[in-house]
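The values are calculated or read from the model by the stated rules, or taken from the named source; none is laboratory data. It should be emphasised that the depicted structure is a prediction, and the values quoted were computed from it without experimental measurement. When we count neighbours, we look across all protein chains shown, and the Cβ atoms used for this are built from the backbone with ideal geometry, even at glycine. Note: accessible area is taken over every heavy atom of the protein model, side chains too, but ligands, DNA and RNA are not part of it. Shrake-Rupley method; radii C 1.70, N 1.55, O 1.52, S 1.80 Å.
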Amino acid sequence: MEVKSQQLSVADPSRQLLRHTVATLAYRAGKALRGAPDSFANFRAEAKVRTPGQILAHLGDLFDWALSITKGKQEWHDSPPLPLEEGVHRFFASLEAFDAFLASDAPLHCPAEKLFQGPVADALTHVGQIAILRRLSGAPIRGENYFVADITIGRAGADQPAPKHEFN
């Protein structure tokens with residue numbers, strides 16, 4: 001299927017919503033990964049369930065893929081899991097690269113909605129899986145009112161602000 005490139009300005013509402021979603025994903029992933037023990041990367045809830053390290057590798061792959069799609073050169077790679085700190089670094093680096101492209105004036109080579117329904121929505125699911133695996137591994141994260149969270153477009157890295165309203 002051939003898709004024409006979209007010349008959406010940086011101020012385009014769909015591009016801005018996509019960037020806000022990326023910032024939301026960064027915030028939630030930061031919370032799910034912050035303070036996790038190194039052993040968490042290899043935690044296995046069940047034989048057929050991915051480890052957090054495998055999920056992190058997949059998340060990095062998703063945003064490498066998303067960036068390749070936006071540039072009109074779609075490529076997929078299956079990366080091996082890394083130690084936790086390296087996997088976290090790789091994921092946030094790929095997320096930041098994707099956000100930087102969205103922040104540029106470069107045209108998207110696909111509809112923003114397709115990016116949302118594909119790699120971005122998939123990543124939201126996987127960050128939720130990591131949060132659940134934290135609880136199952138005995139290292140739960142606290143619940144939070146994300147409506148009041150300090151989520152800012154352009155903040156797509158691991159350095160995220162402290163939660164404003166957590167609960168047990």
Among the numbered conditions (1) in contact (Cβ under 8 Å) with a residue 60 or more places away in the chain; (2) open to solvent by 60 Å² or more (accessible area, probe 1.4 Å), tell me where N42 comes up short.
(1)
Candidates L102, L82, filtered to the one that is part of a helix (DSSP H, G or I) and of a type outside the set (V, I, T)
L102
Scanning the stretch 124-168 residue by residue, the ones that are assigned to a helix (DSSP H, G or I), more than 22 Å from A57 (Cα to Cα) and touching a helix residue (DSSP H, G or I) at 6+ places or on another chain (Cβ under 8 Å) total 1
In the stretch 104-157, which residue that is closer than 18 Å to Q16 by Cβ and among the β-branched types (V, I, T) is surrounded by the fewest Cβ atoms within 10 Å (Cβ to Cβ)?
T152
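I'm checking my understanding of the structure. Among residues of the stretch 10-26 that are of a type outside the set (V, I, T) and closer than 16 Å to A121 by Cβ, which one is most open to solvent (accessible area, probe 1.4 Å)?
Kept after step one, since they are of a type outside the set (V, I, T), are these residues of the stretch 10-26: 11-20, 23, 25-26.
Filter again for closer than 16 Å to A121 by Cβ, leaving 14, 17-20, 23, 25-26.
Numbers: S14: 37, L17: 112, L18: 6, R19: 28, H20: 73, A23: 2, L25: 1, A26: 0 Å².
Per the criteria, the residue is L17.
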Just checking, does the stretch 48-61 include any residue being open to solvent by 20 Å² or more (accessible area, probe 1.4 Å), in a helix (DSSP H, G or I) and closer than 27 Å to P111 by Cβ?
yes
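Residues being of a type in the set (A, V, I, L, M, F, W, C) and without any contact (Cβ under 8 Å) to a residue 24 or more places away in the chain: count how many of those fall in the stretch 120-168. Walk me through it before giving the result.
Of the stretch 120-168, the ones of a type in the set (A, V, I, L, M, F, W, C) are 120-121, 123-124, 127, 130-133, 136, 139, 141, 147-149, 151, 153, 156, 158, 162, 167.
Those left that are additionally without any contact (Cβ under 8 Å) to a residue 24 or more places away in the chain: 121, 132, 147-148, 162.
Residues flagged as of a type in the set (A, V, I, L, M, F, W, C) and without any contact (Cβ under 8 Å) to a residue 24 or more places away in the chain within the stretch 120-168 amount to 5.
State yes or no: is V22 within 20 Å of A156 (Cβ to Cβ) and touching a Leu at 6+ places or on another chain (Cβ under 6 Å)? Outline the logic, then answer.
On the way: within 20 Å of A156 (Cβ to Cβ): yes; touching a Leu at 6+ places or on another chain (Cβ under 6 Å): no.
Against the criterion (within 20 Å of A156 (Cβ to Cβ) and touching a Leu at 6+ places or on another chain (Cβ under 6 Å)), V22 does not qualify.
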Checking the structure you have, find out if any residue of the stretch 31-39 is without any contact (Cβ under 8 Å) to a residue 24 or more places away in the chain and open to solvent by less than 80 Å² (accessible area, probe 1.4 Å).
no
